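Worksheet: the structure to be examined is printed underneath.
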Amino acid sequence: MSDRRAFLKFVAASPLLAAAAPPIVEAFQQGSLQQAADALDVFDFQAAAEKIVPPAHWGYLMTGVDGEDTLKANRDGFSRYQLRPKRFVDVSRIDMSVELFGTRLNSPVVLCPVGSQRAFHRDGEVGAARAAQAKGHLQILSTQTSIGVEEVAKARGGPIWYQLYTTDNFDVTTKLVKRAEAAGCTAVAVTVDLPSGRNTVTMTRSQRIDNRECGSCHQDATGNLANPRAGGGTNATKPMFAGINTQGLGLTSPSLTWDFIKRLKGVTKMKVVIKGLETREDAALAVEHGADGIVVSNHGGRATETGRGTIECVAEVAQAVRGRIPIVVDGGFRRGTDVFKALALGANAVGIGRPYIWGLSAFGQQGVERVLDILNNELRLAMVGCGTRSVKEITAAAIVDTGRRG
Ligand SMILES: Cc1cc2nc3c(=O)[nH]c(=O)nc-3n(C[C@H](O)[C@H](O)[C@H](O)COP(=O)(O)O)c2cc1C
């Protein structure tokens, strides 16, 4: 094994051999992946995906807002917390399972709603659903899904959650919700962090350098070219809006207030989860207004430019919620230790967005499965190291909050 490593190092360092054998050198130096199983961490998939995803789609995936301080804070925030190992605990059996609304899942890692997944791989949301099924994870499907909820729910073969953009027309909202419920979704996660636009600078820049002809994909149901350069297409191009008059329809509304939750609960039996809260005040209001769950989220640094990482919001939200409803957190989770920290701070589950899309882009279902395997294995090792044999045993005692980012 070490002989092979020494050989690869020698090859990589040799200018002569570099010219003679570029594929080996490239594989070694750039972490290219021949198959999903070659990936050692989720960043290997990021590198692999970047090579194949077209610039405009890559920009859509990777963008934050404004100067991307929040996007960066989502990663930097983890350095504020450190793990506290515990020795001589019998860790021969580790149970990573969690229960959400009566459904047992193999892991606390959840696939977040990400729109337009066919922009990354032809299998799109169905590829992600098959991976979620194979590994026993929860999937949350975007309103902006590129495949209808019925087909995705069938591929998952178990409960999924439906992410709802409120729209600005409650009749349309009701139609979306009823369709998701009929397809077997058990919860609706209503996203509240984008009431009125956002400033996705990186996405706009990447669209400017992508000179491909977009018309063949970005067409609406009537054959009119939707304008992807003005925000990634129109509602009319999305399967969840089939049969709905989208003329003048807003995907979200700036005038909504907390009454919306009661209204939503009035038209569905699904659990109502609020996605996009970051403070103790809003968490308390969510419980007061009957929310069944919260997703602590800043939309992956794509909504309000707060400069605050979501991991830094978990403790105050958990204090306000006091265990009354489950808390999911997402934003910047790339390591099992990140997941561990969130669970220690009081989250019940953790969402990932970009990492599984990197896996999907590079290898479809297999890529998503490998991303989940990697994160689960890293989480298992963190649990072993800290002597926490189940997710319940991961408490605040297992970490230190240093109070500042490292
Ligand atoms: C390309 C992309 C599309 C997204 N689409 C949606 C969406 O349709 N609805 C939604 O609620 N959140 C959406 N999100 C936010 C994710 O659900 C999630 O909050 C975020 O990606 C988590 O951060 P991470 O990507 O750093 O893991 C999207 C995120 C990305 C990167």
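The values are calculated or read from the model by the stated rules, or taken from the named source; none is laboratory data. Keep in mind it's a predicted model, so treat the numbers as computed, not measured. Cβ placement follows ideal geometry from the backbone for every residue including glycine, while neighbour counts extend to all protein chains displayed. Areas reflect the complete protein model, heavy atoms only, side chains present, ligands, DNA and RNA absent. Shrake-Rupley method; radii C 1.70, N 1.55, O 1.52, S 1.80 Å.
Below is a table of values for the structure above.
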item: Whichever residue in the range 89-105 is of a type in the set (S, T, Y) and in a loop (DSSP other than H, G, I, E, B) and, among such residues, is least open to solvent (accessible area, probe 1.4 Å); result: S97
item: Some residue of the range 163-170 being open to solvent by 10 Å² or more (accessible area, probe 1.4 Å), closer than 12 Å to L251 by Cα, in contact with a helix residue (DSSP H, G or I) (Cβ under 9 Å, 6 or more places away or on another chain) and away from the ligand (no atom under 12 Å from the Cβ); result: yes
item: Conditions (1) without any contact (Cβ under 8 Å) to a residue 40 or more places away in the chain; (2) part of a strand (DSSP E or B); (3) over 14 Å from A349 (Cα atoms): number failed by I294; result: (3)
item: Subset of the range 299-342 [of a type in the set (S, T, N, Q) and under 20 Å from L105 (Cα atoms)]; result: T337
item: The range 273-291 - residue that is assigned to a helix (DSSP H, G or I) and touching a Phe, Trp or Tyr at 6+ places or on another chain (Cβ under 9 Å) and, of those, surrounded by the most Cβ atoms within 10 Å (Cβ to Cβ); result: A286
item: Among residues of the range 354-377, those that are in contact with an Asp or Glu (Cβ under 8 Å, 6 or more places away or on another chain), of a type outside the set (A, V, I, L, M) and surrounded by fewer than 24 Cβ atoms within 10 Å (Cβ to Cβ), counted; result: 2
item: Some residue of the range 327-338 being more than 16 Å from the chain's Cα centre (by Cα), away from the ligand (no atom under 16 Å from the Cβ) and not in a loop (DSSP other than H, G, I, E, B); result: no
item: Segments classed as helices (runs of 4 or more DSSP H), wholly inside the range 41-88, with at least 3 members that are open to solvent by 50 Å² or more (accessible area, probe 1.4 Å); result: 42-52, 69-76
item: Residue in the range 294-326 that is nearest to the ligand (Cβ to nearest atom), counting only those that are more than 22 Å from V98 (Cα to Cα) and open to solvent by less than 20 Å² (accessible area, probe 1.4 Å); result: G300
item: Number of the condition not met by C217 [criteria: (1) at pLDDT 95 or above; (2) in a loop (DSSP other than H, G, I, E, B)]; result: (1)
item: Residue check, V109 in contact with a Leu (Cβ under 9 Å, 6 or more places away or on another chain), within 11 Å of the ligand (Cβ to nearest atom) and within 27 Å of R389 (Cβ to Cβ); result: yes
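Conditions tested, residue by residue: (1) charged (D, E, K, R); (2) in a loop (DSSP other than H, G, I, E, B); (3) over 28 Å from E278 (Cα atoms); (4) at pLDDT 95 or above.
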{"site": "S107", "(1), (2), (3), (4)": "no, yes, no, yes"}
{"site": "E125", "(1), (2), (3), (4)": "yes, no, no, yes"}
{"site": "A132", "(1), (2), (3), (4)": "no, no, no, yes"}
{"site": "Y162", "(1), (2), (3), (4)": "no, no, no, yes"}
{"site": "T166", "(1), (2), (3), (4)": "no, yes, no, yes"}
{"site": "T173", "(1), (2), (3), (4)": "no, no, no, yes"}
{"site": "R198", "(1), (2), (3), (4)": "yes, yes, no, yes"}
